[in-house]
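Engineer: Could you have a look at this structure, given as structure tokens, before my questions?
The values are calculated or read from the model by the stated rules, or taken from the named source; none is laboratory data. It should be emphasised that the depicted structure is a prediction, and the values quoted were computed from it without experimental measurement. Don't worry about glycine lacking a Cβ; one is built from the backbone with ideal geometry, like all the others, and counts go over all protein chains shown.
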Amino acid sequence: MSSTIKPVHVIGAGMAGSEAAWQLAQAGVPVVLHEMRPVVKTDAHHTDGFAELVCSNSFRSDDAEQNAVGLLHEEMRRAGSLLMEAANVAKVPAGGALAVDRDDFSKYVTAKLVAHPLVTVERGEVAGLPPAEWDNVIVSTGPLTSPALGEAIASLTGAEELAFFDAIAPIIYRDSIDMSVCWFQSRYDKVGPGGTGKDYINCPLTREQYETFIRALIEGEKGDFKEWEKNTPYFEGCLPIEVMAERGAETLRYGPMKPVGLTNEHDPQVKPYAVIQLRQDNALGTLYNMVGFQTKLKHGEQTRVFRTIPGLENAEFARLGGLHRNTFLNSPKLLDGLMRLKLDPRLRFAGQVTGVEGYVESAAMGLLAGRFASEERKGRAPSLPPRTTALGALLAHITGDANAETFQPMNVNFGLFPEVELTLDEDGKRPRGKAKGPARKRAYTSRALRDLEPWLNPRAEAAE
């Protein structure tokens, strides 16, 4: 049957494009996967592999009962996600988070797609709008859409280009960290996927050290912006560390440098004033990235400033931080409920270019785009995931729920879900106080997974 089905063209083999191509191929629909690297390189990528992670190596919390992104992980696993399969194979210890060895992750995704009999890979840039004979296209070019294609899309939509900066955190060689000062511990000793409760390296700072560090961040020389970049806003969920420092002396102590849930094994009686955490970045445990330390400091300044951190005085950097420009559509205005461009429905968009933020969210939009396109190719009307699921809530947000006038990139969160009623306890009462929050999250997640099943398996439900 697949030989009689016209292929769907997927532009971009990042998180979303790789997932979209997999979903199509697994559904029996031929795919032509277009990836411009290595023919055309980007400022952020270092390889020509699919689904290369350019910022953090973490997919954030894997708690499917209490966390919205953990729920999204579980929904994607149940939907046959290639990216979640790869994450399980390439995972490294990270407390309650799901983190991966980025090289192993990309290699696994690339190998699976290249080996699939229904996937044809074409290397080279799609410079402009796809040709008219491509009647079903998924544009998943991510935050680094090539200028030629970006300009063509902007010309077609007539929309003013939207953009923000996304900053990259430095990576440090493990053997250059002074473990007589630092120690291994996850916050509250939390054990996550493949972890032990001692999955982060912690660098403690006294109040004096913290205040000196904050001054150095603020005074450090920053990278220059091109003229056209100067008015581009940052995404609030991925601010450079020095931008956070400029917002107030205590900002970082309530953000990535918070000292809670940690005890210095070298001096248990003294509570650190602030703590910098490093998370394992590869399976060998030889590389660690600075958690939440995205930066636009110049490279020389990064080396100087970060070596003032206790335990990192002799740090050797495998990669210094950087900054790249992200672009995204005003999706609530431009896309329909199936992520198709209203002005040209043959073009479907997926991933960060739609205004979702985060690796997992990007892959999730690719998963939906692939499923929608496969249904169309088979002559069926695609069905939307329930609004009560993480997939459905995120899709609804970018395709209509969000205010088009103020639209900004969004991570998945329970605020996007329809309100849920808390179940009564054995005494016929609803949870109160501290028990109310966890109970509400469990209500959201249990409802989501219950509602997801008939969407994933509609024929099985109909047969019953």
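Engineer: Suppose we filter the range 398-412 for residues that are assigned to a loop (DSSP other than H, G, I, E, B) and under 29 Å from Gln26 (Cα atoms); how many remain? Please lay out each step first, then the result.
Structural biologist: Going through the range 398-412, the residues assigned to a loop (DSSP other than H, G, I, E, B) turn out to be 402-409, 411-412.
From what's left, under 29 Å from Gln26 (Cα atoms): 411-412.
Here the count works out to 2.
Engineer: Let me ask something else. Which residue pairs have Cβ atoms closer than 6 Å, lie 6 or more positions apart in sequence or on different chains, and pair a first residue in the range 232-250 that is exposed (fewer than 13 other Cβ atoms within 10 Å of the Cβ) with a second residue that is in a strand (DSSP E or B)?
Structural biologist: What qualifies is Pro233/Phe164.
Engineer: Considering only residues that are touching a Pro at 6+ places or on another chain (Cβ under 7 Å) and either under 23 Å from Cys238 (Cα atoms) or modelled with pLDDT under 80 (or both), which ones fall in the range 423-442?
Structural biologist: Going through the range 423-442, the residues touching a Pro at 6+ places or on another chain (Cβ under 7 Å) turn out to be 425, 439.
The one that is touching a Pro at 6+ places or on another chain (Cβ under 7 Å) and either under 23 Å from Cys238 (Cα atoms) or modelled with pLDDT under 80 (or both): Asp425.
Engineer: With the condition being modelled with pLDDT of 85 or more and either under 26 Å from the mean Cα position of the chain (by Cα) or over 26 Å from Ala404 (Cα atoms) (or both), I'd like the strands (runs of 3 or more DSSP E) fully within the range 142-246 carrying at least 3 qualifying residues.
Structural biologist: The qualifying strands (runs of 3 or more DSSP E) are 171-173, 200-205.
Each row is one residue, and each column tells you yes or no for (1) among the basic types (Lys, Arg); (2) under 28 Å from Val89 (Cβ atoms); (3) touching a Lys or Arg at 6+ places or on another chain (Cβ under 7 Å).
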{"position": "Val305", "(1), (2), (3)": "no, no, no"}
{"position": "Asn330", "(1), (2), (3)": "no, no, no"}
{"position": "Lys342", "(1), (2), (3)": "yes, no, no"}
{"position": "Arg346", "(1), (2), (3)": "yes, no, no"}
{"position": "Gln352", "(1), (2), (3)": "no, yes, no"}
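Engineer: Right, here's the next one. Counting only residues that are out of contact with any Ser or Thr (no Cβ under 6 Å at 6 or more places or on another chain) and buried (at least 24 other Cβ atoms within 10 Å of the Cβ), which one in the range 95-105 is modelled with the lowest pLDDT? Reasoning before the result, please.
Structural biologist: Step one: list which residues in the range 95-105 are out of contact with any Ser or Thr (no Cβ under 6 Å at 6 or more places or on another chain), which gives 98, 100-105.
With the extra rule that they be buried (at least 24 other Cβ atoms within 10 Å of the Cβ), the set shrinks to 98, 100, 102, 105.
On the way: Leu98: 95, Val100: 95, Arg102: 92, Phe105: 97.
Step by step, filter the range 95-105, then rank; the result is Arg102.
Engineer: Right, another one. Before we move on, is Val69 modelled with pLDDT of 95 or more, crowded, with 19+ Cβ neighbours inside 10 Å and of a type in the set (Val, Ile, Thr)? Reasoning before the result, please.
Structural biologist: Details: modelled with pLDDT of 95 or more: yes; crowded, with 19+ Cβ neighbours inside 10 Å: yes; of a type in the set (Val, Ile, Thr): yes.
The answer is yes for Val69.
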